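This structure is in C-alpha cells; I'll ask about it shortly.
A short reminder: the numbers here are calculations on the coordinates, not readings from a lab. All values derive from a computational prediction rather than experimental measurement. All Cβ positions, glycine included, derive from the backbone under ideal geometry; neighbour counts span all protein chains shown.
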Amino acid sequence: MDLSERVAVLEERTRVKPKSFLDHVKEWGGVCTLIVALLYTFPLGVWDRFYLTKKARESAEILELREVALQVAKLDGDWARSAGSIPTPDLQTMASRAYGAEKTTILSGKIGALRKYKDRLTAPELVMLGYSISQMNKPTLTEELYATAFEKAKANGNTGLSADILRLRAFALLNSVDGLNLEKMRGLYSQSAALLAPLEADNYVLQTAFNLFEWSQIELAKGDWICGEVLVDMAIQKLADLPPFSPMVVQYKQQFGTTMNQYSQRPNQPANGCPDEVLAELK
C-alpha cells in the first residue's frame, strides 16, 4: 500500500461519523438528567439553608427564653427563702440588689427575643419574665408581656392566673416613669377582685385577701387614706371566711396587722374613700 492509500485509510478512520437518533437521545438525556438534578437539589439546598435553619434557630431561641424564665423564677424563690434569715435591713437591701443584678444580667440580652417571641410563650412563662422585666424599670415591655399572658390565661379558662396577672399589672404601675396612675391601678385591682369573687375555694379567697391588702398598702402610701383602711378591713374580712386553723390564715393575719402599723397618714393626703365605681366592683 503506497503512501496515498495509507493517508486515505487514516482519514476514513478519523472522520467523524454522523450520529444516529439514538446517540442524540443518549447525549441529551444525560444533559437533561443533570439539569433536572440541579433544579431539584438547588432549591432543596436553599430550603435547608434559609428555611429549616431559620426554623431551628427560632426554636432554639424560644427554648432559651423558657430556660431564662425558669432561671429568674428560681432566683425569686431563692430570694424569698433567704430574705427572712437576713438579720438587718441593710444586708437585706444588699442581697436584694445582688439578686436583681443577676436577673438583669440574665435578661439584658433577651429583650429583643422577648418582644419577637412573646406570642409563642405560655402564660406562666410570660408572667415569670414580665415580673422580672418590671424590676428592670421597663414598663412598656412589662405591660406587653402581662397583656399577652392575660389573653392566654383567659383563653385557657384559668381564672386564678388571669386575676393574678391583673394584680401584677396594677403593681407594676408603681414603676411608671410618668408616676402612679391611681385610676388605672384601681381599675386593674378591682377587675382582679371581680374575677375572683364568684370562686369559693379557700385558695381563691386567700388570693382575694392578699390582692386587697396589697392594694390597700398602695392607697395608704400613695393614694387615699380612707380607701386604704376600707381595703384592709375587706382583706381581714376575707380571712375571717377561711378556716381559722389554716397556717396561711394565721400568717396573713399577723402580716396584715404588722404592716398596717407601719403607715401614718401624710399631711394633705386625700381621705375621701374609694371611688364608688371601685366599691361597686368589689361587692
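Consider all pairwise Cα distances in the range 76-181 and report the whole-number % of them above 16 Å.
Here the long-distance tail beyond 16 Å is 61 percent of all Cα pairs in the range 76-181.
What's the Cα-based Rg to Rh of the range 90-133, Rh via Kirkwood?
Rounded to two decimals, Rg/Rh equals 1.10.
Semi-axes, largest first, in whole Å: what does sqrt of 5 times each Cα gyration tensor eigenvalue give for the range 190-254?
Semi-axis lengths for the range 190-254 are 20, 14, 8 Å.
Mind checking which lysines have their C-alpha under 16 Å from residue 152, skipping anything on the same chain fewer than 8 residues away?
Filter leaves 118.
Next up: Using r as the Cβ-Cβ distance of residue 90 and residue 63, and R0 as 51 Å, what FRET efficiency do you calculate, to the nearest 0.05?
It comes to 0.80.
Take every Cα-Cα pair in the range 158-283 and report what % of them are more than 23 Å apart.
29 percent
Using 0.36 nm per residue of separation minus the Cα-Cα distance, give me the extension gain between residue 240 and residue 277 in nm, one decimal.
Result: 10.8 nm gained on full extension.
Let me ask something else. What list of ³J(HN,Hα) values in whole Hz, one per residue of the range 113-119 in order, does the Karplus curve 6.51 cos²θ - 1.76 cosθ + 1.60 (θ = phi - 60°) give from phi, with Gly and Pro shown as x?
5, 4, 5, 6, 10, 4, 6
Restricting to DSSP loop positions (anything but H, G, I, E, B) with no more than 15 other Cβ atoms inside 10 Å of their own Cβ, which chymotrypsin sites (Phe, Trp or Tyr not before Pro) remain in the range 164-270?
245
Still on this structure, please answer the following. In what sequence, highest mean first, do 162-169, 104-111, 66-73 appear when ranked by Cβ atoms within 10 angstrom?
Put in order of decreasing packing, that is 162-169, 66-73, 104-111.
Follow-up question, since we're still on this one. Under 29 Å between alpha carbons, and skipping anything fewer than 8 positions from residue 222 in its own chain: which lysines qualify?
Cross-link targets: 103, 138, 184, 238, 253, 283.
Arrange 177, 249 by Cβ neighbour counts within 10 Å, fewest through most, would you?
177, 249
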